[in-house]
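Enquirer: Would you mind keeping the following structure in view while I ask a few things?
The values are calculated or read from the model by the stated rules, or taken from the named source; none is laboratory data. Remember, predicted model here, so these are calculated numbers, not experimental data. Note that we place each Cβ from the backbone using ideal geometry, even for glycine, and neighbour counts take in every protein chain shown. SASA here: full protein model, heavy atoms, side chains in, ligands and nucleic acids out. Shrake-Rupley method; radii C 1.70, N 1.55, O 1.52, S 1.80 Å.
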Amino acid sequence: MAAIPAYGADAKVNLGDLISGPFDPAGSADAQMNSGYLTIAGNHERQLMDESDGAFDVLSRPLLSPDHWVWIRSLPATLTLADGEVFACHGSPAGGDLEYLLEDVSSGRAVLDTEDAILARLAGIGNARVVLCGHTHTQRIVTAGGVLVVNPGSVGMPGYRDRGRVPHVMESGSPLARFAIVERRKNGWSAELHAIPYDYQVAARQAEDFGFAGFAFSVRTGRMPPG
């Protein structure tokens, strides 16, 4: 947040999964509520409200204030920006906040999916030429059917393990905080991916204090421990 003003952005967009994790839920909520960013809900905001029994959601709920809950409940699932040229979502436009827009994880690791598969997930963006997405914590810039798709990556959780229906691991490979800059130019839209250092040891110690040693390892390395 301290670094972004130097880029002179006209708007800052926050793509969800905002506070649910073994770090500082209330402090994270305060910072983002006061940021002035255009913010959407991710699957974890929905799960917080849906009484999910996920470990991060259970951890976060009692630490949030009434004002935090009002803010969470006010967040939209998607945004349309720049006169309809930009569509922002957490997962995918067609599949909602749990669908990966760009990745195939059937091998247990994330790889770029086919253009046809991506195009099917872009249904519902109207006339947008740019789609902003999150959810996978994986930085990518992809074009599909003339649409520029940008995933800025994760600011504070550079890896995770999903043990669901299709078990897989997401790893960014470094502890750096990630974001993207998207710009409308005369000849079309451009995108740049950024990864910058921050004091990740603070976050790692928070994860350890909550009993999440695996995520402390991830915050320090950008990888998940074996197992």
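Enquirer: Looking at the stretch 118-128, is at least one residue hydrophobic (A, V, I, L, M, F, W, C) and part of a strand (DSSP E or B)?
Expert: Taking every residue of the stretch 118-128 in turn, none turns out to be hydrophobic (A, V, I, L, M, F, W, C) and part of a strand (DSSP E or B).
Enquirer: Of these, Q32, Q47, which one is in contact with a strand residue (DSSP E or B) (Cβ under 9 Å, 6 or more places away or on another chain) and not in a loop (DSSP other than H, G, I, E, B)? Before the answer, list the steps.
Expert: Numbers: Q47 fails: in contact with a strand residue (DSSP E or B) (Cβ under 9 Å, 6 or more places away or on another chain).
Checking each option against the conditions leaves just Q32.
Enquirer: Among the residues of the stretch 150-168, is any part of a strand (DSSP E or B), closer than 18 Å to F56 by Cβ and open to solvent by 50 Å² or more (accessible area, probe 1.4 Å)?
Expert: yes
Enquirer: In the set D53, D57, which member is of a type in the set (D, E) and in contact with a Leu (Cβ under 6 Å, 6 or more places away or on another chain)?
Expert: Just one listed residue meets the conditions, D57.
Enquirer: From the set of residues in the stretch 1-56 that are surrounded by fewer than 17 Cβ atoms within 10 Å (Cβ to Cβ) and of a type in the set (S, T, N, Q), which is nearest to N151 (Cα to Cα)?
Expert: Of everything passing the filter in the stretch 1-56, S35 is nearest to N151 (Cα to Cα).
Enquirer: Related question: Which of the residues belonging to the stretch 86-106 are more than 22 Å from A191 (Cα to Cα) and touching a residue at least 60 places away in the same chain (Cβ under 8 Å)?
Expert: Listed by number, the residues that qualify are D97, V105, S106.
Enquirer: Going by the structure shown, is S60 at pLDDT below 95 and open to solvent by less than 30 Å² (accessible area, probe 1.4 Å)?
Expert: So S60 does not fit the description; no.
Enquirer: Oh, and also: Test of understanding: among L112, L122, which residue is open to solvent by less than 20 Å² (accessible area, probe 1.4 Å) and over 30 Å from Q206 (Cβ atoms)?
Expert: On the way: L112 fails: open to solvent by less than 20 Å² (accessible area, probe 1.4 Å).
Answer to the selection: L122.
Enquirer: Okay, next question. Which number in (1) farther than 23 Å from A41 by Cα; (2) open to solvent by 40 Å² or more (accessible area, probe 1.4 Å) marks the one condition that G173 misses?
Expert: Among (1) farther than 23 Å from A41 by Cα; (2) open to solvent by 40 Å² or more (accessible area, probe 1.4 Å), the lone unmet condition for G173 is (2).
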